[in-house]
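The values are calculated or read from the model by the stated rules, or taken from the named source; none is laboratory data. The structure displayed is predicted, hence computed values, not measured ones. Cβ placement follows ideal geometry from the backbone for every residue including glycine, while neighbour counts extend to all protein chains displayed. Only protein heavy atoms, including side chains, enter the accessible area calculation; ligands, DNA and RNA are left aside. Shrake-Rupley method; radii C 1.70, N 1.55, O 1.52, S 1.80 Å.
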Amino acid sequence: MYETSDIRKGLKVLMDGNPFTIVEFQFVKPGKGTAFTRTKFKNLLTGGVVEKNIRSGEKLEPANVEERTMQFLYKEGEDFVFMDGTSYEQVSIAAETVGKQNDLLSDNLECTVLFFNDRPVDVGLPNFIYSHVTATEPGARGDSTGNVLKPAILESGAEIGVPLFINEGDYLKIDTRTRSYVERQKE
């Protein structure tokens, strides 16, 4: 059982028989009454967000979840196929579970797949990926006031904003959490 002092972002707990992850929390100590932690939980099965106040001294039940490092293989219809690197078991995961980050997936990318009762409920990409630019417009000369970005399409199909000096074929480091350009890389 978790105490209220164990609450942190990303903690997986079980409430009403469903797995939740803590998205946000704030400790509140009012002038009158007992202290509590205002917490936002994301349901790992439905994706819904619930806000709940947890009084000091309450206990949270840990969720029976397992994280596995898996390799993305290919897209099959609307599903995405991942392979466990140790057992070579292949798992087909629905597009809703992968979420809107699916356009950043490229072949053989190592991802973290979260399982609840042997059912995949969440896919986590690494913080940074490396990809080639397949299409972008040439930057206009002299347009360098401030942080000017232009759209670029990566080899995975994702579209992100990049600085004007980026050209087709450049190899980039991309932050998957913010979907933004970090730096140009040498291969």
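What to note about this one:
- Debye equation applied to the C-alpha atoms of the chain, log10 I(q)/I(0) at 0.09, 0.18 Å⁻¹: -0.47, -1.12
- Working from Cα pairs under 8 Å separated by at least six residues, relative contact order for the chain is 13 percent.
- Net charge of Cβ neighbours under 14 Å - reference Asn108; Lys, Arg +1; Asp, Glu -1: -3
- Solvent exposure of the stretch 1-135, expressed per residue, is 58 Å² of accessible area, with all protein chains present and a 1.4 angstrom probe.
- Cut-off under 5 Å, modelled amide H: who pairs with Glu155 long-range: His132, Thr134
- Sequence-ordered 3J(HN,Hα) estimates for the stretch 163-172 from the Karplus curve with 6.51, -1.76 and 1.60 and θ = phi - 60° stand at x, 5, 7, 6, 10, 4, x, 5, 9, 10 Hz, glycine and proline given as x.
- Whole-percent carbon and sulfur share, accessible surface of the chain, 1.4 Å: 46
- Against the rule of thumb 2.2 N^0.38 Å, how large the Cα Rg of the stretch 3-51 comes out: 1.22
- Note that the stretch 101-115 has calculated 3J(HN,Hα) couplings of 7, 4, 6, 8, 6, 10, 3, 6, 6, 7, 10, 9, 10, 9, 10 Hz, one per residue in order, obtained from phi through the Karplus relation 6.51 cos²θ - 1.76 cosθ + 1.60 (θ = phi - 60°); glycine and proline are x.
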